[in-house]
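Here is the structure we will look at, set down as structure tokens.
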Amino acid sequence: MIRGIELIDARIDLVSPFRTSFGTQTYRDLLFVRVLDDDVEGWGECVAMSEPGYSSEYIDGCRAMIERFLLPFVGPQTSAEQFVERAKEVRGNYMAKAAVEAALLDRQLRLAGQSLAEYLGATKDRVASGVSVGIQSSIDELIKVVGGYLADGYLRIKLKIEPGADIEQVRAVRSTFGDDLLLQVDANAAYSVGDAAHLAKLDEFDLLLIEQPLPEEDVVGHVDLARAVRTPICLDESITSYEVARGALDIGACSIINIKPGRVGGFIESKRIHDLCLDRGVPVWCGGMLETGVGRAANLALAALPGFTLPGDTSASSRYFAEDVTEPFVLEGGHLGVPTEPGASRHPLAAQLEKMEVRRTSHHL
Ligand code: OSB
Ligand code: MG
């Protein structure tokens, strides 16, 4: 029986600043949902960032959303599936919902002795890891950073780009590391449709995809762009649900989808999007939000589904943190192992969490 829920705020330093077209992160504010049951506990990680730069959600807003509107949906025996149904009356707020869903899933799967991978229908026991490389201060620095990740064994490189830091950066990485390197770019919505001719200059570099070149709301703009460039368009920010995914594919806004559970309201919705894409032969890959091991464990289970045919942003703990809040995820031959233990999340190590914790609020049912 669920007795209560805790919301835990913490902060963890990143090993190096992470610069994107929407800002620079040097640390990660964290929000965990901890469901307290008689026998087990369930953990979920909220992936919202401190500020609403990637999407409209942000950590403090998610905490308020969860406390005021989502916790009332959780009773002593509420399953993740029931929570998802009940939470439909709250619009949007995907990352807040996903954090509660993950904690409930973790609780019920631990009670049932089942792993999230098995629950979702995973077919792989390890997943290929890519790495997302922030915008660097110079091309020399970029080459050094990419070279370091390749030496670590990462199987795919994603370069963050923005106007003024795009074509020459990609050219340098392609010419330094060769044509066999799996390479893609992510603009985080930094361009407009008028930049189509500029973005078409990326075509000569044989990228796997261009991720979210235009604003989240400009799904239709991506249709025009997709016709003007040869490189496949992949959507991240725009895809907030199964319905948006279906519509975007129907109109030709993208030919690849980055699935992030937080962005679409959870793992149950992620699985629906995966199944749709698998059915249509559309490749998907698992994105990331600089998660700790708590959320990374669940992402790896998702990435083990058969439709995840491209390497994801599921990097090892050491790419982000000197010390993860959980036992670290370690790269082995360019892959991360898919957790097989019962549950959805890897739980924090008490001593680690203690060092990072900022505050904790308890809610009794
Ligand atoms: O757009 O994919 C993104 C990180 C934070 C917010 C948005 C994005 C990212 C990344 C890094 O690209 C993914 C990761 O390594 O977790
Ligand atoms: Mg992205």
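Only the coordinates and a few stated rules stand behind these numbers; no lab work does. Keep in mind that what you see is a predicted model, and the values were worked out from it rather than measured.
See the values below:
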{"read-out": "Cα-based shape type of the chain, given that a ≥ b ≥ c are square roots of the gyration tensor eigenvalues and the cut on a/c is 1.5", "value": "prolate"}
{"read-out": "Note, ³J(HN,Hα) from phi for the range 2-17, Karplus 6.51, -1.76, 1.60, rounded to Hz, x at Gly and Pro", "value": "6, 9, x, 9, 10, 10, 10, 9, 8, 9, 10, 6, 8, 5, 8, x"}
{"read-out": "Most mobile listed residue (Arg246, Arg91, Arg227) in the chain, GNM with C-alpha springs under 10 Å", "value": "Arg91"}
{"read-out": "Tilt relative to the chain, helix 94-112 - C-alpha long axis, 0 to 90 degrees, to 10", "value": "60 degrees"}
{"read-out": "Distant-in-sequence amide H partners of Ala189 (H built 1.01 Å from N, under 5 Å)", "value": "Leu214"}
{"read-out": "For Leu30, distant residues with modelled amide H under 5 Å away", "value": "Ala10, Arg11, Ile12"}
{"read-out": "Residue among Asp140, Asp13, Asp275 with the largest mean-square fluctuation in a Gaussian network model of the chain, springs linking Cα atoms under 10 Å", "value": "Asp140"}
{"read-out": "Rounded to 5, the percent of DSSP beta bridges in the chain classed as antiparallel", "value": "60 percent"}
{"read-out": "Degrees separating the helix 293-303 axis from the principal Cα axis of the chain, which is the longest one", "value": "60 degrees"}
{"read-out": "In order through the range 256-264: 3J(HN,Hα) via Karplus (6.51 cos²θ - 1.76 cosθ + 1.60), integer Hz, x for Gly, Pro", "value": "9, 10, 8, 9, 10, x, x, 6, 10"}
{"read-out": "In Hz, Karplus ³J(HN,Hα) per residue of the range 233-238 (6.51, -1.76, 1.60; θ = phi - 60°; x = Gly, Pro)", "value": "8, 10, 9, 10, 3, 5"}
{"read-out": "Rg and Dmax of the range 169-309, Cα atoms only, in Å", "value": "15.0, 42"}
{"read-out": "Cut-off under 5 Å, modelled amide H: who pairs with Leu331 long-range", "value": "none"}
{"read-out": "Degrees, to the nearest 10: 167-177 long Cα axis against longest axis of the chain", "value": "90 degrees"}
{"read-out": "Candidates Ala303, Ala196, Ala245: whichever shows maximal mean-square fluctuation once the chain is modelled as a Gaussian network with Cα springs under 10 Å", "value": "Ala196"}
